[in-house]
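**Student:** Below is a structure I'd like to ask you about.
The values are calculated or read from the model by the stated rules, or taken from the named source; none is laboratory data. It should be emphasised that the depicted structure is a prediction, and the values quoted were computed from it without experimental measurement. Counting neighbours? That spans all protein chains shown, and the Cβs are built from the backbone with ideal geometry, glycine included. Just the protein is used for accessible areas: all its heavy atoms, side chains included, with ligands, DNA and RNA removed. Shrake-Rupley method; radii C 1.70, N 1.55, O 1.52, S 1.80 Å.
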Amino acid sequence: MEIAEKLGAFYIGKLYDLQQNSLRDAPVVYDARDLTTHAVVVGMTGSGKTGLAIDVLEEAALDRVPAIIIDPKGDMTNLMLTFPDLRPADFLPWVNKDDAARKGMTPEEYAKAIADRWRKGLAEWGEGAERVKALKESTDWRIYTPGSTAGIPVNVLQSLKAPESGAEDEELLREHILGTVSAILGLLGIDADPVRSREHVLLSNIFEYYWKQGKDLDLSELILAVQKPPMERLGVFDVDSFFPEKDRFGLAMTMNSLLASPSFQSWLEGEPMDVGNFLHAEDGRPRHSIFYIAHLNDAERMFFVTMLLEQVISWMRAQSGTTSLRAIVYMDEVFGFFPPISTPPSKRPMLTLLKQARAFGVGIMLATQNPVDLDYKGLTNAGTWFIGKLQTERDKSRLMEGLKSVSGGPGATREIEQAISSLGSRVFLLHNVHDSSGPHVFMTRWAMSYLRGPMTREQIKKLMAGYKTRSAGEARPSTGALKRPKATRAPMGMNSTPPAIEPSVQQAFLPVRRAVEDAIRELSKEAGRDVSPKERHLLYRPYLYASAAVHFYDSRRNVDKGEEIALLAESPGGRGKPDWDESEECKLTPDELEDAPEGEALFEDLPKGLERSKAYKTLARSFSDYLYRTRRVNLFYNPALKMYSKPDESERDFRIRCQETAREKRDEEIDALSEKFDKKRRRVEKKVEKQQMKMEESEDRYNALKRETYLTAGESVLGFLVGRRSTRMVSTLSRRHRIASQAKANAEEAKQEIESLKEEIKRLNEEAKEAARGIGDKWAEAVSEVKKVEIRPRKSDIDVQFFALAWVPFWAFVLDSGEVKTYKAYLADFSKGFGRI
């Protein structure tokens, strides 16, 4: 089937017959303008909602509609993996090597299988190479990584610009201030109520003071304004009464600590929060800006999403009205950002967009796999619902309940409920208020982008290498094209220019972290006097930097752990291999390495052979072999309990856990033992009760007969005295005597039986106590034995992700005597790390 391209029509799949479980040859085409009334995608993990969202965004790109894509999980970065030629070599850098290993394939074989699968899938859905090529060329694709330099960093706080519009409208301005202040305080870890919180009130008034005048703020100016507010009163109180100076200083210190934190510096670098720039390239092409935030913690995510949405609102209000789809704002997982009860900072701007964005042609599309944590009342304006497979009946019930409150939703009819229960992977129920023939059930088309799953920051860095720019504005150099420093006179054994190296050799430079003055002080300390070196140079020495991801898996021992390791080793000479055993772990990640030397620098001679790229394959293999030989996950094992420790669990913690488990097992056995002996005791106690009744009945019988015998005997004596002796009466007395004697004997027998049964109960109690002691001793002994077990990785689970010739900086000093002293320049502590001193 060939797809007839039509502007404003999004080809997202084909109709699906649930009763026949078959695909119909009827394309589902979604009108782009319908997205201006917003869309919601609901479906469990594996339902295909990410694929559906990518389909919609691909169609938007083909239709030249720009988009802001918020990506909390890392899946949406797959939009940049489009390969028109569908060559295995295009897929190879991005395939998951673990998936290949699990399928018993090499990465090359797996890449070919994926390429064949994609070619076949696209053909079956009427999509060819030309359509993929058009997608790739139609839009400028970018990945932004706030708080990281893996992609394009975003300068969030350096300039808190006054809104482009809304300064005249106090209500709109205060809404913007509310979101901005809530986001900043959330990042500081302050859960502030906009009305009751002094911090929120103070910051809001500061922003309002400056923004009403059209003045921008940066974080430094904001900190100073906290200490010395530009206004004299807040409400009826003066500022110092409302928020004492000492307390304001504490807030300023908290904000300053954030600003001074090295980890926060990346928030102050990169492109400004310019929504217009996020939506269109310099040449006017539409841009799809993917904001990868998977690496951020919850507070940082909330802060960034809120700030971004506030900027979208500000940009949106500066646009003219339209009925066409101007732009899309998509969030891949809205869980936690739009809850039904609480009001996190992100909720207000999200509600504002859902209510107002339609008038400006901005379509909001939200996706979630958690229908329970969704404010359905806030989604009453959503005109399109894509409902996929749900995980539990609770999810379905909550969705159906929520849909009752959504005026534009599909309702909660029995037909809808039955359809939702029958949905499979990639099959969705589509309800569109603009389509009177719906709702429809359809299967999503084959995505043109390679859906490889979430990307890591290292992969994003690799993907965005051609897009990133240096802070000074110059283009980022390629791997082999190094910036050559200015020539300088070099001591013996050093060169003023980098050695000639093949361009394909990956090179990196460790950053200079130690000032030269500190090195001179160290030199003077060694000499025991102040030393003024005749010459000083920044010297780079060749090392090998290698980083890898190592995965440990053992289902029997419940081990599924990954670790990342980076090592720095002295470069070998000739055909030798580095001594990885003598290497040390490097705390710098590949993201933190530099692409060029700093300023004027000297270079040590490069060992022979390292100028050629083929040498590094062998060296990288030796690194992988070293990791296979040495990397282990050490576990503790308790044979009696058949328990293994968790990775990274200490022996102490494991023993405590064993004790807890042994106690649980001991209690279970004692409970079973008690139940067993209780049954025996109950049987014996029933016998005791029976004998007790027998004894009591016999004693009662005996006493009754005894009384009757006394009366009869009295009558007999009286009759004898009056001359009325009766043979019958004598016989009665004799019979009663025999019966009474038997009753007495029965009572005595029952009494003896009771004593015997009580002895049996006592014996059972002793047996139970002894058995319980045995159980206690057994589990106490079980805890004591702990063995050590090593889990080694499979060779296929070692992924060398980055291997480079690393130039390590040293401060080199030429003394008056001609002696050269060198000190490490890349560590804050000279006593640690590498280097010959």
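**Student:** List pairs: first residue in the stretch 793-816 and farther than 20 Å from Lys617 by Cβ and in a loop (DSSP other than H, G, I, E, B), second residue open to solvent by 10 Å² or more (accessible area, probe 1.4 Å) and of a type in the set (Phe, Trp, Tyr) anywhere in the structure, Cβ distance under 9 angstrom, at least six positions apart or on different chains.
**Tutor:** From residues that are farther than 20 Å from Lys617 by Cβ and in a loop (DSSP other than H, G, I, E, B), the pairs are Pro793/Tyr553; Pro793/Tyr628; Arg794/Tyr553; Arg794/Tyr628.
**Student:** Among the residues of the stretch 635-674, write down those that are among the acidic types (Asp, Glu) and either farther than 30 Å from Asn765 by Cα or surrounded by fewer than 16 Cβ atoms within 10 Å (Cβ to Cβ) (or both). Give the derivation first.
**Tutor:** Looking only at the stretch 635-674, we keep the residues that are among the acidic types (Asp, Glu), and these are 648-649, 651, 653, 660, 664, 667-669, 671.
Selection gives Asp648, Glu649, Glu651, Asp653, Glu660, Glu664, Asp667, Glu668, Asp671.
**Student:** Does the stretch 221-251 hold any residues that are more than 15 Å from Val181 (Cα to Cα) and within 37 Å of the chain's Cα centre (by Cα), and which are they?
**Tutor:** Applying the first criterion (more than 15 Å from Val181 (Cα to Cα)) to the stretch 221-251 yields 224, 227-250.
Residues satisfying the conditions are Leu224, Asp247, Arg248, Phe249, Gly250.
**Student:** So in the stretch 488-518, with the set limited to residues that are polar (S, T, N, Q) and more than 17 Å from Gly609 (Cβ to Cβ), which one is modelled with the lowest pLDDT? Spell out how you get there, then give the answer.
**Tutor:** Taking the stretch 488-518 and keeping what is polar (S, T, N, Q), we get 488, 495-497, 504, 506-507.
From what is left, the residues that are more than 17 Å from Gly609 (Cβ to Cβ) are 488, 495-497.
Numbers: Thr488: 42, Asn495: 76, Ser496: 70, Thr497: 70.
Here the answer is Thr488.
**Student:** Considering only the stretch 218-266, state which residues are among the aliphatic types (A, V, I, L, M) and touching a strand residue (DSSP E or B) at 6+ places or on another chain (Cβ under 8 Å).
**Tutor:** Selection gives Leu219, Leu222, Ala225, Val239.
**Student:** Give the number of residues within the stretch 325-372 that are more than 24 Å from Ile184 (Cα to Cα) and of a type in the set (D, E, K, R).
**Tutor:** Looking only at that region, the number is 3.
**Student:** Specify which of the listed residues (Ala549, Ala569) is open to solvent by 20 Å² or more (accessible area, probe 1.4 Å) and not charged (D, E, K, R).
**Tutor:** Details: Ala569 fails: open to solvent by 20 Å² or more (accessible area, probe 1.4 Å).
Sole residue among the options that is open to solvent by 20 Å² or more (accessible area, probe 1.4 Å) and not charged (D, E, K, R): Ala549.
**Student:** Please name all residue pairs, on different chains or six or more residues apart, with Cβ atoms under 7 Å, provided the first residue is in the stretch 771-784 and is at negative phi and the second residue is part of a helix (DSSP H, G or I) and of a type in the set (D, E, K, R).
**Tutor:** Here the result reads Ile775/Arg666; Ile775/Glu669; Gly776/Arg666; Trp779/Lys665; Trp779/Arg666; Val783/Arg655, each pair linking the stretch 771-784 to a residue that is part of a helix (DSSP H, G or I) and of a type in the set (D, E, K, R).
**Student:** Does Glu715 satisfy being surrounded by 12 or more Cβ atoms within 10 Å (Cβ to Cβ) and either within 30 Å of Lys642 (Cβ to Cβ) or modelled with pLDDT of 75 or more (or both)? It would help to see each step written out before you state the result.
**Tutor:** Working: surrounded by 12 or more Cβ atoms within 10 Å (Cβ to Cβ): yes; either within 30 Å of Lys642 (Cβ to Cβ) or modelled with pLDDT of 75 or more (or both): no.
Answer is no for this residue.
**Student:** Moving on. Just to verify a result, which residue in the stretch 109-163, among those that are of a type in the set (Ser, Thr, Tyr) and crowded, with 20+ Cβ neighbours inside 10 Å, is farthest from Pro27 (Cα to Cα)?
**Tutor:** Out of the qualifying residues, it is Ser148.
**Student:** So, in the stretch 297-330, of the ones that are of a type in the set (Asp, Glu) and open to solvent by 40 Å² or more (accessible area, probe 1.4 Å), which residue ends up nearest to the chain's Cα centre (by Cα)?
**Tutor:** Asp298
**Student:** For residues that are charged (D, E, K, R) and open to solvent by 30 Å² or more (accessible area, probe 1.4 Å), scanning just the stretch 804-837, find the one that is modelled with the highest pLDDT.
**Tutor:** So, considering only residues that are charged (D, E, K, R) and open to solvent by 30 Å² or more (accessible area, probe 1.4 Å), the one modelled with the highest pLDDT is Lys821.
**Student:** Kindly evaluate Leu627 against the criterion of being hydrophobic (A, V, I, L, M, F, W, C), farther than 30 Å from Val512 by Cβ and part of a helix (DSSP H, G or I).
**Tutor:** no
**Student:** Report yes if some residue within the stretch 347-363 is open to solvent by less than 10 Å² (accessible area, probe 1.4 Å) and more than 24 Å from Ile177 (Cβ to Cβ); otherwise report no.
**Tutor:** For the stretch 347-363, residues open to solvent by less than 10 Å² (accessible area, probe 1.4 Å) and more than 24 Å from Ile177 (Cβ to Cβ): present.
**Student:** Output the number of residues of the stretch 614-636 satisfying the condition of being over 29 Å from the mean Cα position of the chain (by Cα) and not hydrophobic (A, V, I, L, M, F, W, C).
**Tutor:** Here the count works out to 9.
**Student:** In the list Ala780, Ala804, Ala768, which residue meets the criterion of being among the small types (Gly, Ala, Ser) and within 30 Å of Pro511 (Cα to Cα)? Talk me through it step by step, then tell me what you get.
**Tutor:** Numbers: Ala780 fails: within 30 Å of Pro511 (Cα to Cα); Ala768 fails: within 30 Å of Pro511 (Cα to Cα).
Going through Ala780, Ala804, Ala768 in turn, the sole match is Ala804.
Each row is one residue, and each column tells you yes or no for (1) aromatic (Phe, Trp, Tyr); (2) modelled with pLDDT of 85 or more; (3) more than 24 Å from Pro498 (Cα to Cα); (4) crowded, with 17+ Cβ neighbours inside 10 Å.
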site: Gly573; (1), (2), (3), (4): no, no, no, no
site: Asp579; (1), (2), (3), (4): no, yes, yes, no
site: Glu585; (1), (2), (3), (4): no, yes, yes, no
site: Asp595; (1), (2), (3), (4): no, yes, no, yes
site: Leu602; (1), (2), (3), (4): no, yes, no, yes
site: Lys617; (1), (2), (3), (4): no, yes, no, no
site: Arg629; (1), (2), (3), (4): no, yes, yes, no
site: Val633; (1), (2), (3), (4): no, yes, yes, yes
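**Student:** Across the stretch 542-588, what is the number of residues that are in contact with a helix residue (DSSP H, G or I) (Cβ under 8 Å, 6 or more places away or on another chain), assigned to a strand (DSSP E or B) and among the hydrophobic types (A, V, I, L, M, F, W, C)?
**Tutor:** Here the count works out to 9.
**Student:** Somewhere in the stretch 605-615, is a residue more than 22 Å from Gln507 (Cβ to Cβ) and surrounded by fewer than 14 Cβ atoms within 10 Å (Cβ to Cβ)?
**Tutor:** No.
**Student:** Ok, one more. Go through the residues of the stretch 69-83 one by one and say whether even a single one is over 26 Å from the mean Cα position of the chain (by Cα) and open to solvent by 30 Å² or more (accessible area, probe 1.4 Å).
**Tutor:** No, there is no match, as no residue in the stretch 69-83 is over 26 Å from the mean Cα position of the chain (by Cα) and open to solvent by 30 Å² or more (accessible area, probe 1.4 Å).
**Student:** Specify which of the listed residues (Leu224, Leu188) is at pLDDT below 90 and in contact with a Ser or Thr (Cβ under 7 Å, 6 or more places away or on another chain).
**Tutor:** Leu188
**Student:** Please go through the stretch 397-452 and give me each residue that is among the basic types (Lys, Arg) and either open to solvent by less than 40 Å² (accessible area, probe 1.4 Å) or at pLDDT below 90 (or both), ordered by number.
**Tutor:** Hits for the stretch 397-452 are Arg398, Lys404, Arg414, Arg445, Arg452.
**Student:** Of all the helices (runs of 4 or more DSSP H) wholly in the stretch 178-296, which have at least 2 residues that are open to solvent by less than 10 Å² (accessible area, probe 1.4 Å) and farther than 30 Å from Leu135 by Cα?
**Tutor:** Hits in the stretch 178-296: 198-212, 219-227, 245-260.
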